[in-house]
Amino acid sequence: MAFPTSVTDIIATTIESRSRKIADNVTKNNALLARLRERGNIKTVSGGSVIFEELSFAENQNASWYSGYDLLPVAASDVISAAQFNLKQIAVPVVISGLEQLQNSGREQMIDLLESRVNVAESTMANRLSEGVYSDGTGYGGKTIVGLEAAVPYTNTNTYGGIDRGTWTFWKNQINTKAGGLGAANVQAAMNEMWAKQVRGADRPDLIVTTNTVWAAYMASLQAIQRFTNPGEAKLGFPSIKFMDADVVLDGGIGGYGVDSASSPWTSFYFLNTKYLKFRPHKDRDMVPLNPNRRYSVNQDAEVQILAWAGALTCSGAQFQGRLQITT
């Protein structure tokens with residue numbers, strides 16, 4: 001039986017039928033996204049030129065103690081603002097040539113070929129978004145998602161979410177720097193200090209991510225007391241251990257994007273309070289075919305369908321995020 005000519009339609013429907021699975025696999029590929037999914041902090045947006053994250057930057061100055069008939073202050077109190085995040089886009093084309101169509105003319109053969117290529121597109125999308133989660137938003141000429149390198153940087157001098165941290169101190173993340181290398185005692189002391197900087201009542205870090213070098217040092221500091229969790233029972237689906245009640249996760253490994261800059265002398269942990277972080281895909285561009293219609297190459301015997309995503313990683317509480325730096 002000859003294979004129908006609407007190859008691109010089949011690619012599109014294959015992507016559509018797998019779009020939820022693709023989105024799930026993207027979150028499973030990254031510890032932060034897995035935690036945001038668990039918290040219910042993956043929230044779609046429906047439109048607009050920017051994504052707004054409302055935030056409280058000051059207390060209500062009208063609060064006062066009073067007695068009897070004392071007058072109560074009712075002056076206007078500007079306490080709410082919003083950080084702004086631009087939608088960023090990523091696409092992974094799935095291509096099939098005319099020759100491949102002829103060579104795989106049976107329907108089952110064609111579906112197997114397309115499914116394999118959609119699998120590759122899926123894993124590529126997951127990897128690029130995972131890379132973007134750790135980026136500063138300057139990659140690809142400023143087209144990448146604005147990630148943790150901008151949200152929780154080594155310094156607090158950047159403008160993030162449209163708010164200048166040099167002017168507004170409430171928008172600065174917490175930083176702790178320690179010299180002395182990655183000895184077991186040094187790591188533990190530095191983590192204790194970082195934790196103390198980020199606790200406000202019930203607000204505290206719930207996820208700590210790091211790369212191979214720092215993970216190894218932290219593991220070495222714990223091995224004497226055997227504070228391990230079972231990787232099969234790790235709540236996030238990642239091998240993890242605990243610091244206080246936060247999950248400490250290795251987000252390095254093979255091909256990991258981690259948290260260390262190749263040009264930086266520091267190694268570091270991200271201490272994250274994921275209550276104030278959200279992953280915001282657009283409802284119409286969340287791992288879906290870019291266009292269900294056929295796309296032909298003008299000067300090639302080929303058809304294309306494109307897996308696409310648009311959205312942002314947003315933050316509504318930068319002061320609750322932390323970066324621990326340790327010199328190596």
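The values are calculated or read from the model by the stated rules, or taken from the named source; none is laboratory data. None of these values were measured; they are calculated from a predicted model. With ideal geometry, Cβ positions are generated from the backbone for all residues, glycine too; neighbour counts draw on all protein chains shown.
Odds and ends about this structure:
- Test: residue in region 178-189 that is under 19 Å from the mean Cα position of the chain (by Cα), over 13 Å from TYR270 (Cα atoms) and outside any helix (DSSP H, G or I): no
- The condition of being modelled with pLDDT under 65, over 21 Å from GLN321 (Cα atoms) and of a type outside the set (A, V, I, L, M) holds for only one of PRO281, PRO289, PRO265, that being PRO265.
- Any hit, region 223-239, residues being part of a loop (DSSP other than H, G, I, E, B), at pLDDT below 55 and charged (D, E, K, R): yes
- Among residues of region 147-170 being within 19 Å of the chain's Cα centre (by Cα) and among the aromatic types (Phe, Trp, Tyr), the one that is modelled with the highest pLDDT is TYR160.
- Of all residues in region 190-210, exactly one satisfies the criterion of being at pLDDT below 85 and aliphatic (A, V, I, L, M), namely ALA202.
- Qualifying residue in region 153-176 (condition: without any contact (Cβ under 8 Å) to a residue 60 or more places away in the chain, within 21 Å of ASN30 (Cα to Cα) and touching a Gly at 6+ places or on another chain (Cβ under 9 Å)): no
- When the residues of region 292-328 are filtered to those that are buried (at least 19 other Cβ atoms within 10 Å of the Cβ) and among the aromatic types (Phe, Trp, Tyr), the one that is modelled with the lowest pLDDT is TRP309.
- The residues listed here are TYR276, TYR257; of these, the one that is modelled with pLDDT under 75, buried (at least 17 other Cβ atoms within 10 Å of the Cβ) and either touching a Phe, Trp or Tyr at 6+ places or on another chain (Cβ under 8 Å) or among the acidic types (Asp, Glu) (or both) is TYR257.
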